[in-house]
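Trainee: I am attaching a structure below and will ask some questions about it afterwards.
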Ligand code: CA
């Protein structure tokens, strides 16, 4: 049996971006439709079956937040918001409004693809929808509810920042995360310290989590950022 193509709707008024993303997604095997304004997008989303929506926030007519609000009235269709850089309000209201994820423009297409795969994976496996499943890489286990980390069954004492960083890495296991993304996720948009902070905290994590037992699961991707995997390099 052939696998059904997953259908993605792009709602984005910048036609160049919409076309570029459409091409990339089609190349990856997704069935793609696009709308250049909020009203057309909402109409498409409510009349045809999609697996996921990429929704720009700044749209003419009906803005992205309003489109999201109306979609959420009737459906839990996964939505990834496209936000402008530094728009911390967008990010917060987007996630509060029921978006599944967001990505900051300009974005690397690889990161968008990874986020799409992650959201679709959660949709296929509803167990993850709570977002509170136990996370694991090799012998590292993290319990988001209890905010506990264990390595080989022994509890580890991490600061809040270290925990949040490890949590985010594990929640995106096997996905390469840029320093910028980590900075925005863990430190927030208004943090002025620069991406150096990410490298510093990765060193702290390695020292606390990995080095005592000779593990190496947090991989450095030169020039990009970091990824956590089950395997050592
Ligand atoms: Ca726009």
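The values are calculated or read from the model by the stated rules, or taken from the named source; none is laboratory data. Since the model is a prediction, treat every value here as computed from it, not as a measurement. Note: ideal-geometry Cβ built from the backbone for every residue, glycine included; neighbour counts use all protein chains shown.
Trainee: Taking region 192-215 only, how many residues are without any contact (Cβ under 8 Å) to a residue 60 or more places away in the chain and surrounded by 14 or more Cβ atoms within 10 Å (Cβ to Cβ)?
Mentor: Of the residues in region 192-215, 11 are without any contact (Cβ under 8 Å) to a residue 60 or more places away in the chain and surrounded by 14 or more Cβ atoms within 10 Å (Cβ to Cβ).
Trainee: Quick test of your reading of the structure: residue 184 fulfils all but one of (1) modelled with pLDDT under 90; (2) surrounded by fewer than 18 Cβ atoms within 10 Å (Cβ to Cβ); (3) out of contact with any helix residue (DSSP H, G or I) (no Cβ under 6 Å at 6 or more places or on another chain). Name the failing condition by number.
Mentor: (2) is the only condition that residue 184 fails.
Trainee: Same structure, new question: State all residues of region 206-230 that are over 21 Å from residue 155 (Cα atoms) and out of contact with any helix residue (DSSP H, G or I) (no Cβ under 9 Å at 6 or more places or on another chain); if no residue qualifies, say none.
Mentor: Residues satisfying the conditions are 219, 221, 222, 223.
Trainee: Here's a follow-up. Taking region 41-67 only, how many residues are within 14 Å of the ligand (Cβ to nearest atom) and either surrounded by 15 or more Cβ atoms within 10 Å (Cβ to Cβ) or not in a loop (DSSP other than H, G, I, E, B) (or both)?
Mentor: Within region 41-67, the subset within 14 Å of the ligand (Cβ to nearest atom) is 41, 54-67.
Checking the rest, the ones that are also either surrounded by 15 or more Cβ atoms within 10 Å (Cβ to Cβ) or not in a loop (DSSP other than H, G, I, E, B) (or both) come to 41, 54-59, 62-67.
Qualifying residue count for the region: 13.
Trainee: List every residue pair whose Cβ atoms lie under 7 Å apart, where the two residues are 6 or more positions apart in sequence or sit on different chains, the first residue falls within region 55-74 and is free of Cβ contacts under 8 Å to residues at least 24 places away in the same chain, and the second residue, located anywhere, is more than 12 Å from the ligand (Cβ to nearest atom) and in a helix (DSSP H, G or I).
Mentor: Cβ pairs passing all conditions: none.
Trainee: Continuing with the same structure: Go through the residues of region 77-87 one by one and say whether even a single one is in contact with a strand residue (DSSP E or B) (Cβ under 7 Å, 6 or more places away or on another chain), more than 11 Å from the ligand (Cβ to nearest atom) and either at pLDDT below 90 or on the phi > 0 side of the Ramachandran plot (or both).
Mentor: yes
Trainee: Does residue 140 satisfy the criteria of being more than 22 Å from residue 114 (Cα to Cα) and buried (at least 17 other Cβ atoms within 10 Å of the Cβ)? Before the answer, list the steps.
Mentor: Values: more than 22 Å from residue 114 (Cα to Cα): yes; buried (at least 17 other Cβ atoms within 10 Å of the Cβ): yes.
Yes: the conditions hold for residue 140.
Trainee: Oh, and also: Quickly run through region 1-19 and pick out the residues that are within 15 Å of the ligand (Cβ to nearest atom) and either assigned to a loop (DSSP other than H, G, I, E, B) or within 20 Å of the chain's Cα centre (by Cα) (or both).
Mentor: 10, 11, 12, 13, 14, 17, 18
Trainee: Mind listing just one residue for me: the one in region 20-40 that is within 16 Å of the ligand (Cβ to nearest atom) and within 17 Å of residue 106 (Cβ to Cβ) and, of those, surrounded by the most Cβ atoms within 10 Å (Cβ to Cβ)?
Mentor: Checked region 20-40; the qualifying residue surrounded by the most Cβ atoms within 10 Å (Cβ to Cβ) is 21.
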